[in-house]
Amino acid sequence: MLSLSAFDLTPSQAKLREWLMPCGTGGFASSTAIGLNTRKYHGLLIAPISGGQNRHVMLSKMEETAKIGGAEYPLSTNTYPGVVYPEGFRHLVGFSFADHPLFTYSLGSARLEKSVRVLHGKNAVVVSYRLAAGREAELRVRPLLAPRPMHSDPSLCEPAGQFESDRHGFSISKPASMRVCAYGATFTSSPEKYRNMEYRVEQERGYPYSETLCSPGYFSAQLEKGDELHIVSSLEGLQPSEALDILDRQANRYFHLSRGFCQQSGIELTDFADTLLRAADSFVVARRGKHGLLAGFHWFSEWGRDANVSLPGILLCTGRHALAFEILSEQAAMMREGLLPNFVDENNHAHYGSADASLWFVNAVREYAECTNDYWSVEQELWKPLRSFLSSYVQGNSLVRMDSDCLLYVKEPAATWMDAKINGVAVTPRKGKPVEINALWYSDLHFLLSLAERFDDKKTGSVIAPIIEGIDSSFQKYLSAEDGRLLDVLEPNDSTLRPNQIFAVSLPHSPLNELQRRHVFNIVRSRLYTPFGLRTLSTDDSRYHERYCGNQEERDSAYHQGAIWPWLLGAFYDAQLRVHPGCEQQVLASLRPLADAMRSGCLGSLPELYEPASMQPAGAISQAWSVAEVLRTYAKVKRAASEKKEIYLQKSTLLA
């Protein structure tokens with residue numbers, strides 16, 4: 001459980017302490033540790049409508065006031081032009097977060113607790129209040145609504161005005177049906193609008209940041225010590241009793257997840273592993289009977305590259321093998337010209353713009369097969385799309401072609417993971433033969449060759465073998481005489497020092513010899529490594545950005561020009577273990593700063609990136625591949641270190 005002190009519970013600290021709870025549908029609840037919404041993506045219920053990915057902010061927040069002994073205490077905190085009002089944070093004396101946030105308020109002689117819980121598999125949230133100390137309190141809670149697409153600019157949206165109410169609550173019908181009702185309270189119809197509420201992080205990011213929220217009325221309740229008030233908001237029209245029953249039943253869900261992780265990884269559930277496991281589960285979504293992995297929160301949908309990088313850490317090392325295979329099969333069904341979607345947008349449209357999503361898919365299949373030994377399922381359902389991928393990349397498609405030197409040539413400048421554009425122009429143009437693309441290609445080919453041999457597919461094997469031999473020779477062109485680094489791109493040659501070369505060391509099969517791998521690793525470690533991730537550009541490069549802030553163009557300029565990405569730590573530590581076998585304890589020690597880092601930003605998770613100058617979280621507050629790669633690495637080295645300790649103890653016993 002993560003707990004915050006009073007120092008952390010102020011408006012100035014709010015943007016550094018956010019929380020997020022997923023519904024498992026793509027929807028979520030999210031805000032700050034003081035309940036101050038600082039983003040247009042903050043809200044108590046953000047949900048996909050009509051069963052799709054079209055997520056809307058349905059319920060923004062609650063405006064609460066408690067009356068105790070004749071005194072009135074505001075609980076909520078908002079920002080308006082030039083003022084913070086009301087100042088409910090002044091009464092907030094505690095905040096904790098494990099599987100849900102818990103706020104503790106000191107109100108004179110009374111203490112009030114507030115919790116926010118989402119229902120897994122439903123688009124629903126329960127906001128609960130409990131009088132933990134004190135004789136009695138009168139509580140008034142006013143729901144504030146902003147029914148708009150979550151990506152839309154707040155200032156352009158008119159709040160919904162039509163609703164139906166009764167003494168238990170109210171309902172709206174647009175943009176989707178939502179019922180808000182309470183157990184232990186009476187609803188009073190009293191429409192109001194809250195104008196010019198400001199979201200400071202949106203202002204910093206250069207977006208419209210002022211919004212008008214509407215409220216159909218308020219709930220009122222008299223609480224005595226120990227009494228509880230539960231307000232349920234749902235797209236399914238749930239009654240409070242139904243919602244509370246679901247919450248009771250889902251209490252065992254995490255127990256099964258944690259048991260699966262311990263059985264699969266062979267390690268105990270430490271606090272660090274527990275936090276990572278909960279974060280990893282947040283990215284798993286189910287829609288229309290199909291599962292997927294979100295790339296991150298708040299604004300990411302499903303991304304092909306991110307899903308395949310994340311799958312081993314989120315699903316395989318946590319023992320969720322059947323779900324992993326289901327997602328791999330669903331991806332295979334979406335393959336076109338050997339390509340997988342770069343992302344699927346909020347309207348469920350697939351966009352094919354990634355040269356490497358399919359390469360990471362092959363790597364994820366390898367991880368699945370090695371983890372489960374389920375080669376029968378791979379042969380029955382995935383071997384055909386794997387061969388289709390191979391044929392398409394060898395013959396060439398709209399994004400990638402294999403040249404005569406057997407290396408892959410990427411036809412577009414922003415088709416790798418470094419894909420930022422400004423006005424349609426790539427910030428880090430990598431048209432040509434990017435080093436990590438061909439490191440993946442080489443390692444994938446070795447895996448496909450092993451499958452061809454296992455499945456007695458001599459025809460496919462005869463295609464792969466000479467390509468591998470060709471790459472063994474051609475890959476040497478990446479070697480730079482400058483300092484032993486690898487070129488980031490061939491044809492045109494680009495010697496910019498970036499972290500992409502680490503994959504030529506980290507992957508199971510490398511076209512480099514032992515000395516070359518050691519040189520590459522040492523360069524990356526000395527010039528790009530930080531405990532929070534790898535820099536995307538060397539600090540001595542004139543294009544290096546130490547700040548990641550400002551508007552969209554300013555942030556895109558820094559996105560892959562120095563920003564620190566945690567997901568690259570997985571490849572870095574894999575490379576370290578290959579170059580320096582037996583260094584598991586050193587890697588474990590290197591992961592410790594990340595445990596502390598998860599106490600800021602999105603509490604209990606890891607962000608998309610870190611700003612180099614401040615080492616503060618930046619970009620998306622919670623990113624799948626950041627969490628997945630750290631969890632995968634931790635489970636891997638923790639198990640190896642534990643096995644070595646056990647062997648040492650056994651030897652000591654024999655010698656005693």
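Determine whether the stretch 275-290 contains at least one residue that is of a type in the set (Phe, Trp, Tyr) and over 19 Å from residue 23 (Cα atoms). Give the steps one after another, and end with the answer.
Taking the stretch 275-290 first, the residues of a type in the set (Phe, Trp, Tyr) are 283.
Applying the additional criterion that residues be over 19 Å from residue 23 (Cα atoms) yields none.
There is no residue in the stretch 275-290 that is of a type in the set (Phe, Trp, Tyr) and over 19 Å from residue 23 (Cα atoms).
Taking (1) assigned to a helix (DSSP H, G or I); (2) farther than 29 Å from residue 497 by Cβ; (3) out of contact with any Asp or Glu (no Cβ under 9 Å at 6 or more places or on another chain) in turn, residue 451 satisfies each apart from (3).
Among the residues of the stretch 110-139, those that are farther than 22 Å from residue 27 by Cα and surrounded by fewer than 17 Cβ atoms within 10 Å (Cβ to Cβ) comprise 113, 132, 133, 135, 136, 138. Could you check, for the stretch 73-81, whether at least one of its residues is surrounded by fewer than 17 Cβ atoms within 10 Å (Cβ to Cβ), closer than 19 Å to residue 218 by Cα and free of Cβ contacts under 8 Å to residues at least 24 places away in the same chain? No, there is no match, as no residue in the stretch 73-81 is surrounded by fewer than 17 Cβ atoms within 10 Å (Cβ to Cβ), closer than 19 Å to residue 218 by Cα and free of Cβ contacts under 8 Å to residues at least 24 places away in the same chain.
For residue 87, the conditions (1) in contact with a helix residue (DSSP H, G or I) (Cβ under 7 Å, 6 or more places away or on another chain); (2) within 20 Å of residue 37 (Cα to Cα) all hold with the exception of (1).
Residues being of a type outside the set (A, V, I, L, M) and more than 28 Å from the chain's Cα centre (by Cα): count how many of those fall in the stretch 178-222.
24
Among the residues of this structure, residue 232 counts as one that is of a type outside the set (D, E, K, R), crowded, with 21+ Cβ neighbours inside 10 Å and either over 19 Å from residue 35 (Cβ atoms) or assigned by TED's automatic domain parsing to the domain that holds residue 154 (or both).
Scanning the stretch 553-604 for residues that are acidic (Asp, Glu) and touching a helix residue (DSSP H, G or I) at 6+ places or on another chain (Cβ under 7 Å) returns 574, 584.
Conditions (1) crowded, with 23+ Cβ neighbours inside 10 Å; (2) at pLDDT 95 or above; (3) part of a helix (DSSP H, G or I), marked per residue:
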| position | (1), (2), (3) |
| --- | --- |
| 346 | no, no, no |
| 354 | yes, yes, no |
| 359 | yes, yes, yes |
| 370 | no, yes, yes |
| 379 | no, yes, yes |
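Residues in the stretch 174-189 that are in contact (Cβ under 8 Å) with a residue 60 or more places away in the chain and not in a strand (DSSP E or B): 175, 176, 177.
Of all the criteria given as (1) over 22 Å from residue 542 (Cα atoms); (2) of a type outside the set (Val, Ile, Thr); (3) within 32 Å of the chain's Cα centre (by Cα); (4) surrounded by fewer than 19 Cβ atoms within 10 Å (Cβ to Cβ), the one not satisfied by residue 477 is (3). Going residue by residue through the stretch 593-602, is there one that turns out to be over 23 Å from residue 34 (Cα atoms) and surrounded by fewer than 24 Cβ atoms within 10 Å (Cβ to Cβ)? The answer is yes, given that some residue of the stretch 593-602 is over 23 Å from residue 34 (Cα atoms) and surrounded by fewer than 24 Cβ atoms within 10 Å (Cβ to Cβ). The set of residues in the stretch 280-311 being under 20 Å from residue 50 (Cα atoms), touching a residue at least 24 places away in the same chain (Cβ under 8 Å) and not in a strand (DSSP E or B) consists of 288, 298, 299, 300, 301. The residue that is nearest to residue 59 (Cα to Cα), among those in the stretch 235-270 that are among the β-branched types (Val, Ile, Thr) and either modelled with pLDDT under 90 or surrounded by 15 or more Cβ atoms within 10 Å (Cβ to Cβ) (or both), is 246. Just the residues that are under 20 Å from residue 375 (Cα atoms), surrounded by 23 or more Cβ atoms within 10 Å (Cβ to Cβ) and without any contact (Cβ under 8 Å) to a residue 40 or more places away in the chain, please, taken from the stretch 312-340. Matches in the stretch 312-340: 315, 327, 331.
When 365, 284 are checked against the criterion of being at pLDDT 95 or above, surrounded by 18 or more Cβ atoms within 10 Å (Cβ to Cβ) and over 27 Å from residue 1 (Cα atoms), 365 stands alone in meeting it.
Output the residue which, of all residues in the stretch 154-173 that are in a loop (DSSP other than H, G, I, E, B) and at pLDDT 90 or above, is farthest from residue 72 (Cα to Cα). Show your work before the answer.
So the first thing to find is which residues in the stretch 154-173 are in a loop (DSSP other than H, G, I, E, B), and the list is 157-163, 167-168, 173.
When the remaining residues are screened for being at pLDDT 90 or above, the result is 163, 167-168, 173.
Details: 163: 29, 167: 24, 168: 24, 173: 34 Å.
Among those residues, the one meeting the criterion is 173.
Within the stretch 403-421, the set of residues being surrounded by fewer than 20 Cβ atoms within 10 Å (Cβ to Cβ) and over 24 Å from the mean Cα position of the chain (by Cα) comprises 403, 404, 405, 411, 412, 413.
Listed here are the residues, each with its yes/no results for (1) free of Cβ contacts under 8 Å to residues at least 60 places away in the same chain; (2) surrounded by 21 or more Cβ atoms within 10 Å (Cβ to Cβ); (3) of a type in the set (Asp, Glu); (4) touching a Phe, Trp or Tyr at 6+ places or on another chain (Cβ under 9 Å).
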residue: 1; (1), (2), (3), (4): no, no, no, yes
residue: 32; (1), (2), (3), (4): yes, yes, no, yes
residue: 87; (1), (2), (3), (4): yes, no, yes, no
residue: 102; (1), (2), (3), (4): yes, no, no, yes
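The values are calculated or read from the model by the stated rules, or taken from the named source; none is laboratory data. No experiment lies behind these values; they were computed from the predicted model shown. Please note: Cβ atoms are built from the backbone with ideal geometry, for glycine as well, and neighbour counts cover all protein chains shown.
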